[in-house]
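Undergrad: Below you will find the structure I want to go over with you.
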Amino acid sequence: MTSVDPRELLKRPFDPAECERIRDLWKAHSIAEDNRDLDGLIATLTPDCVYEIVPTGHRWEGHDGARDFYTLLLGAFPDVDFALSNIVIGPQGVCEEARLTGTHAGDWLDFQATDRDVDFTVIIFFPWDPERRLFRGERVYFDPREAGLAAHS
């Protein structure tokens, strides 16, 4: 993900109408995710979006990369659910905290399938592109130990 100087991010003006657009797009993204609508998800992202799983270093780029990310995630956790517990929306984007629950039915990243239920906290940052009025991807944070995920040996 192209790094933006945090000092520049802090200079973005707080415009209630812009924040409403950001919130509405996040809601559209979340609804598309709940409906497993990959085209709807992709429509909320810039063409050069980047998906990053920060604790593991995994990264996907562009719309094709975002599709791959979601295909892997939904294949590994076919019944995945994100229960929102906190959210912050501003001119820099959206930061959400949620409980991820589901069945770990398939391998995901470096983690072997366990066929067990998972229940862990994720924090996801959706950086906002104010010119294109789309998200530049997602940065996902979680603790693999809390998630009960074991890496392949």
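Bear in mind that the values in this text are calculations on the coordinates, not laboratory data. If you're wondering where the values come from, they're calculated on a predicted model, not measured in any experiment. Every residue, glycine as well, gets a Cβ built from its backbone with ideal geometry; the counts of neighbours run over all protein chains shown.
Undergrad: What are the pairs, 6+ residues apart or on separate chains, where a residue within the stretch 92-114 that is on the phi > 0 side of the Ramachandran plot has its Cβ under 8 Å from a residue that is hydrophobic (A, V, I, L, M, F, W, C) and in a strand (DSSP E or B)?
TA: Short answer, once both residue conditions are applied: 93/125; 93/126; 93/128; 93/135; 102/118; 109/53.
Undergrad: Quick one: in the stretch 41-70, which of the residues that are within 20 Å of residue 110 (Cβ to Cβ) and without any contact (Cβ under 8 Å) to a residue 12 or more places away in the chain is surrounded by the most Cβ atoms within 10 Å (Cβ to Cβ)?
TA: Step by step, filter the stretch 41-70, then rank; the result is 60.
Undergrad: Something else now. Here is a check on your reading of the model: is residue 55 more than 17 Å from residue 30 (Cβ to Cβ) and part of a loop (DSSP other than H, G, I, E, B)?
TA: yes
Undergrad: Just one of 120, 125 is in a strand (DSSP E or B), of a type outside the set (D, E, K, R) and closer than 22 Å to residue 14 by Cβ; which is it?
TA: After ruling out the rest, the residue left standing is 125.
Undergrad: Restricting the search to the stretch 108-139, which residues are among the acidic types (Asp, Glu) and in contact with a His (Cβ under 6 Å, 6 or more places away or on another chain)?
TA: Scanning the stretch 108-139 gives a single hit, 110.
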